[in-house]
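Working notes for the structure below.
The values are calculated or read from the model by the stated rules, or taken from the named source; none is laboratory data. Just so it is clear, the structure is predicted and the values come from calculations on it, not from any experiment. Using ideal geometry, Cβ is built from the backbone for each residue, glycine included, and neighbour counts are taken over all protein chains shown.
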Amino acid sequence: MKERIAVDKYSKALLRKVPEDVLAEELGEKYTDYRKRWHDAQTFKVRTPFPIHLDIELSYKCNLKCIMCPYGDPTYVHPAYKGQSLDTSRIKEIIKEGVPLGLSALRYNGLSEPLLEKSLVELIRYAKENGILDIFLTTNGMLLNKKMAIDLIESGLTHIMVSIDAATAETYNKIRVGGNYERVVKNVNRFLEIRENLGSQLPVFRLTYTKMQPNIGEVNAFVDMWKDKVDHIAIAGYLNNIQNKEQNDNLACTPLRPSAQTEFHCWQPWSRCTIFSNGDVFPCCMNYGRSTPVGNIFKEDLTSIWQSDRVRFIQDINRKGEYFKDPTCKACVSKRDIFEA
Ligand code: SF4
Ligand code: SF4
């Protein structure tokens with residue numbers, strides 16, 4: 001079985017600490033059981049009663065306009081979402097509903113910058129106190145100030161991923177429009193120092209570098225700069241997720257494969273789903289699901305949505321490699337065709 005969306009080969013080599021080892025040491029048997037359930041779901045062995053992992057988009061807001069993101073694409077507007085925030089009491093109900101059914105992990109992200117949310121630290125603590133084992137956060141790092149660093153380290157967060165995508169201010173400014181390279185580098189270094197001073201191994205710290213044409217020449221410099229400091233560096237391939245095709249072509253490093261020639265079995269609908277900031281749900285972490293939701297958490301409970309015929313259909317076609325039977329999956333796999341589907 002081939003995987004089309006693969007993290008770059010560098011990533012595995014760039015682990016200073018294996019996150020699973022750190023967490024198994026910290027959390028014990030419960031953690032190893034959750035990882036086994038996750039593996040069984042991802043390999044299509046078990047149909048779970050509830051997603052094992054949730055991506056929760058607290059709001060549809062960001063403080064940057066990165067060139068590889070819908071926020072940086074002037075042709076992409078999703079009026080139904082603009083400025084939307086998810087009700088925190090409904091998020092708490094979903095956690096309470098899911099944990100007895102095997103919900104074990106969550107990430108407070110969708111297409112958003114979570115550090116903009118005042119409720120973030122409280123929601124991480126709530127998740128931790130109510131049985132969520134693995135709590136992830138992806139951020140652009142701009143608001144990762146000293147207080148936020150201490151609050152996050154003490155909150156129960158298990159993974160933090162900061163995206164920088166450059167080894168120089170010049171390249172950073174071209175990609176992460178509205179950001180400040182020096183500030184983000186300072187914030188990362190201070191976070192690592194505070195974590196060490198607090199004697200904590202958690203959260204496991206990952207830096208992410210999405211490889212695109214404007215930054216392809218700085219991969220090695222980036223790795224050299226950070227490899228002895230952070231726990232993990234992920235060099236990710238560019239996912240073609242903006243509407244403007246010309247912009248996509250200018251960013252992608254390799255030609256995208258036409259879907260008809262692609263063998264792909266997507267494991268995501270077997271293990272995880274996203275709750276978008278208006279309550280819509282789709283069984284994977286991709287932005288594409290926003291256009292074709294399988295339900296809404298303000299209309300029904302997530303258990304019913306997850307066990308519905310629609311989700312079962314998306315699971316089954318993806319197990320068989322027949323992603324082309326669902327227009328959103330077909331568009332996602334072919335990428336280039338997403339807005340023509
Ligand atoms: S920080 Fe993330 S969500 Fe915000 S514009 Fe950049 S890629 Fe998009
Ligand atoms: S849209 Fe379909 S193929 Fe793409 S990640 Fe989601 S479930 Fe998988």
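A few points about this structure:
- Any chance Lys147 is free of Cβ contacts under 8 Å to residues at least 12 places away in the same chain and out of contact with any helix residue (DSSP H, G or I) (no Cβ under 7 Å at 6 or more places or on another chain): yes
- Cross-chain or 6+ apart pairs with Cβ under 7 Å, the stretch 100-123 first and in contact (Cβ under 8 Å) with a residue 24 or more places away in the chain and under 15 Å from Tyr34 (Cβ atoms), then crowded, with 22+ Cβ neighbours inside 10 Å and of a type in the set (Gly, Ala, Ser): Leu106/Ala127
- For the residues Pro70, Pro74, Pro100, the requirement of being within 16 Å of ligand 2 (Cβ to nearest atom) and farther than 18 Å from Arg206 by Cα singles out Pro70.
- Qualifying residue in the stretch 93-100 (condition: closer than 30 Å to Asn180 by Cα and either surrounded by fewer than 15 Cβ atoms within 10 Å (Cβ to Cβ) or aliphatic (A, V, I, L, M) (or both)): no
- Close pairs (6 angstrom Cβ cut-off, 6 or more residues apart or separate chains): within 12 Å of ligand 2 (Cβ to nearest atom) in the stretch 267-282, among the polar types (S, T, N, Q) and outside any strand (DSSP E or B) anywhere: Trp267/Gln42; Pro269/Gln315; Pro269/Asn318; Trp270/Gln315; Ser271/Gln42
- Among the residues of the stretch 269-299, those identified as among the polar types (S, T, N, Q) and modelled with pLDDT under 95 are Ser277, Asn278, Asn287, Ser291, Thr292.
- Filtered by the rule that a residue be surrounded by fewer than 17 Cβ atoms within 10 Å (Cβ to Cβ) and touching a strand residue (DSSP E or B) at 6+ places or on another chain (Cβ under 8 Å), the stretch 220-235 gives a lone residue, Lys227.
- Scanning the stretch 62-87 for residues that are crowded, with 16+ Cβ neighbours inside 10 Å, within 18 Å of Asn278 (Cβ to Cβ) and at pLDDT 90 or above gives Cys62, Leu86.
- Of the residues making up the stretch 179-192, one or more are under 22 Å from Cys253 (Cβ atoms) and part of a helix (DSSP H, G or I).
- Selection over the stretch 285-305 of residues that are touching a residue at least 24 places away in the same chain (Cβ under 8 Å) and either closer than 17 Å to Leu58 by Cα or out of contact with any Leu (no Cβ under 9 Å at 6 or more places or on another chain) (or both) gives a count of 13.
- Pair list, Cβ under 9 Å, 6 or more apart: the stretch 160-186 residue more than 22 Å from Ala149 (Cβ to Cβ), other residue in a helix (DSSP H, G or I) and of a type in the set (S, T, N, Q): Ala167/Asn215; Ala167/Asn220; Thr171/Asn215; Lys174/Asn215; Ile175/Asn215
- The numbered conditions (1) closer than 28 Å to Ala221 by Cα; (2) among the hydroxyl-bearing types (Ser, Thr, Tyr); (3) buried (at least 22 other Cβ atoms within 10 Å of the Cβ) are all true for Thr168 except (3).
- Count of the stretch 135-158 residues, restricted to those that are surrounded by 20 or more Cβ atoms within 10 Å (Cβ to Cβ) and in a loop (DSSP other than H, G, I, E, B), is 6.
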